[in-house]
Each structure stands twice: as C-alpha cells, then as structure tokens.
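All remarks here apply to the structure that follows.
The values are calculated or read from the model by the stated rules, or taken from the named source; none is laboratory data. Note that this is a predicted model, so its numbers are computed, not measured. Cβ: placed from backbone, ideal geometry, glycine included. Neighbour counts: every protein chain shown.
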C-alpha cells in the first residue's frame with residue numbers, strides 16, 4: 001500500500017504540473033481509493049498501510065479543500081463581516097440560512113435530538129415537535145429512517 005500511496009502522489013503531482021490538470025489528479029486519488037477498497041474487502045490491508053494512504057488524502061485535501069466540511073464557519077464569517085460593514089442587505093437569504101445553521105454545535109444538535117426522542121417515547125409530541133421546529137429554524141434537517149434519526153445541515 002505504501003507503493004500505491006507513493007505512486008498516487010507522483011501521479012497527482014505530475015497531473016498538476018501538466019497545465020494544472022485537476023481532473024487527472026483527482027482520477028489518481030479515486031483510483032487509489034478504488035484499489036484500497038478492493039484490498040480492504042480482501043482483508044489485505046495492514047495497520048501500517050493506513051498512514052501512507054491517509055497522507056495522500058491529506059495532500060489531496062491541501063490542494064482541493066473538499067474533505068473537511070468547513071464552509072459554514074467561513075460563510076458565517078462573511079455574514080458577520082457584512083453585518084459589521086452595514087452590508088447585510090447584499091447577502092442572499094440562502095447564505096443567511098446556511099450561516100445560521102452553524103450556530104448550533106454538533107453536540108448541541110445531538111443533545112436536542114436525544115431530548116426530542118425522549119419526548120416522543122414519553123408521547124410528549126408537543127415538546128418533540130417544538131424541538132424539531134427549533135432545529136429546523138437553526139438550519140438542521142432531521143430525518144427519521146429505519147436505522148434511526150439522522151441529521152444534516154442545510
């Protein structure tokens with residue numbers, strides 16, 4: 001796997017050096033992931049194989065910035081700047097909604113979901129509905145599935 005990781009880095013660098021061929025650089029990473037998943041399925045990945053593969057993903061994220069979902073804090077910073085500059089009217093309603101959902105931390109969302117579930121089990125639907133509405137207002141989408149409750153930010 002270390003050889004696969006080294007080859008992927010070489011292909012990524014070569015693609016980016018070739019007139020910034022981002023499609024080819026991404027393809028190299030996707031090919032590595034496909035091979036790594038195949039090796040995982042075959043139980044052919046050892047613990048010391050993980051580090052080099054994760055290092056490639058880290059390098060990929062340094063370049064493309066797509067693995068860490070850090071858009072909301074950035075959007076909130078833009079919204080805060082616009083408010084400070086008196087330019088809030090120039091901000092789209094979509095940005096305001098997304099930035100607003102960053103106000104609740106993940107642990108706060110999980111706590112409210114636990115309260116909502118406890119209220120439902122106690123057949124206190126008024127409280128459960130109020131908590132769901134609060135989450136929705138904060139930009140949190142709550143989904144009830146067969147596997148349980150899951151959530152995501154708008």
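Within region 100-154, the set of residues being closer than 25 Å to residue 80 by Cα and touching a strand residue (DSSP E or B) at 6+ places or on another chain (Cβ under 8 Å) comprises 101, 102, 104, 109, 135, 136, 139, 140, 141, 152, 153, 154.
The residue pairs whose first member lies in region 47-58 and is closer than 12 Å to residue 4 by Cα, whose second member is surrounded by fewer than 15 Cβ atoms within 10 Å (Cβ to Cβ), and whose beta carbons are closer than 8 Å, counting only pairs six or more residues apart or on different chains, are 49/2; 52/2; 52/6.
Of the listed requirements (1) at pLDDT 95 or above; (2) touching a strand residue (DSSP E or B) at 6+ places or on another chain (Cβ under 6 Å), residue 10 misses just one: (2). Within region 23-46, the set of residues being in contact (Cβ under 8 Å) with a residue 24 or more places away in the chain and over 17 Å from residue 7 (Cβ atoms) comprises 46 only.
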